[in-house]
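What follows is one structure encoded as structure tokens, with my remarks underneath.
Nothing in this text is a laboratory measurement; each read-out follows from the coordinates by a stated rule. This is a predicted model, so every value here is computed, not measured. So basically every Cβ, Gly included, is an ideal-geometry build from the backbone, and we count neighbours across all protein chains shown.
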Amino acid sequence: MSRTSCNLSQQLWQMPLTKPLLRTASLRTGLLSGLRTGSCSVMCFFREVQTISYAVVDASYIPVTRNAAETVKKEDAPGSIETVGAFQKLPMVMPSIDIISSAMRKAKRVGPTKGIANIAKREKNKGAKQLDALMKELVVPLRDYIENFPNKKHLHPYERDLIKLTLGDGNYEEVLGRVNSLKKKVVSVAKERASLCAKSLSKREAVERLNEGLKNVEEIFKLEGNAVDDLLNIAKTLRAMPVVDLERPTLCLVGAPNVGKSSLCRILSTGKPEVCNYPFTTRGILMGHIIINCERFQVTDTPGLLRRHDEDRNNLEKLTLAVLTHLPTAILYVHDLSGECGTSPSDQFVIYKEIRERFSDHLWIDVVSKCDLLRQSPVIFSTDDVDLDYLDMRNYMTAGPDGAICVSVKNEIGLDQLKDRVHDLLVSQLEKIKNQENN
């Protein structure tokens, strides 16, 4: 055996080896063959050891088998479509004046390619590079906005309705279309001017074409940059929307305007909606939360509903119907029979019957608010056309629907009973959602 082979063998014998490692047949065979046949076999032994992976488990080396699937890159895996909280993930949009100012400043700092000795060639190279840099500084943010603002077709139906009712039908798509049009115009004009600058025959001509090109691009962006500012306002509006978990049980407070929904929302949850003694205080969907047995539930205060057909409803009323239609809601319907809210009890009865029939599959609690102001006889407005012989109407105007809880936030009447019923309702709603998922 050669001296080199002996030295390698001695080094191998001096290596601290654990018992599981020594029991590996391939290792033991490689070691012995290295001692018998010389340096070539020893090198084969090293090659064999290097191709085996071991994991450390309880201070021992355990062979690890690697699957081909483990080597797949994460970026190659198909991405999941986001359907929840899309508005909170919108990109930050810069004002158009800031975008063009920053782009012009950066573009003018771009110099010619080093090593061009001819003055005319150097100047036209500089001009073409500055126009190209200006184009990129303007186009990159516009492209990011277009790519990162979600396509309405990929949104949850509730979020689609929210965009339509908050921004106006088609306004969201129209603004994104204008931003895309601006991007295309900037690319077209900047490329055209850069090409002309690169064809200049003298330094003076190159400078003139550069200045003209910078001016043209700047004028186009300032003229149509209001599309970016409109997108900025849209982002602010949508980002300010309450964060609604589209898969979490929700208690929705429904009723006519000014019946006391906001006051009850403040009592039942963490929500702090504005409370005022006039109709349509609630101008949008307001959120609060309740935690029951470590489970988190949502509470929504919604705009009031009036007695009229769906096609005549305003966008605030349509928001309420969107919540009931698209979210997993249990309904707390609030009635005010005192005559204080501005909507007559007879009109409230008609609204109530319509909503009850439309959303009959929802879990439900009826609450008569301001019970400290109730009178012995029904409240009838002078504009009412009421048939008191209609038993359901008469009973409703006196005490509300059957099984309704009478409460008074001012005098703290019935609030504990209401809280217990709400807790039971939300637990039932959670079980209902889980059963639907299992089926």
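Determine the shape class of the range 250-438: with a ≥ b ≥ c the square roots of the Cα gyration tensor eigenvalues, call it rounded for a/c under 1.5, and otherwise prolate if a/b is greater than b/c, oblate otherwise.
Note, shape of the range 250-438 comes out prolate.
The 3J(HN,Hα) values that the Karplus relation (6.51, -1.76, 1.60; θ = phi - 60°) gives for the range 422-439 are, in residue order, 5, 4, 4, 5, 5, 5, 5, 5, 4, 5, 5, 5, 5, 5, 5, 5, 5, 7 Hz. Gly and Pro appear as x. Each residue of the range 335-341 is assigned a 3J(HN,Hα), and the resulting list reads 10, 10, 9, 7, x, 8, 8 Hz, derived from the Karplus form 6.51 cos²θ - 1.76 cosθ + 1.60 (θ = phi - 60°), x at Gly and Pro. The modelled label-to-label distance between residue 411 and residue 109, using points 7 Å beyond Cα along the C-beta direction, is 7.2 nm.
Sequence-distant contacts, meaning Cα pairs under 8 Å at least 6 residues apart, place the relative contact order of the range 250-438 at 21 percent.
In the structure shown, the pairs 152/222; 89/183; 153/184; 129/236 are assessed against 31 Å; a Cα-Cα span above that value is assigned to 129/236. Taking amide hydrogens as placed 1.01 Å from N in the peptide plane, the amide H of residue 255 sits under 5 Å from those of 305, 334, each at least 5 positions away in sequence or on another chain. Partners of residue 261 within straight-line reach, counting lysines whose Cα lies under 24 Å from its Cα and excluding those fewer than 8 residues away in the same chain: 272, 318, 353, 370, 410, 419.
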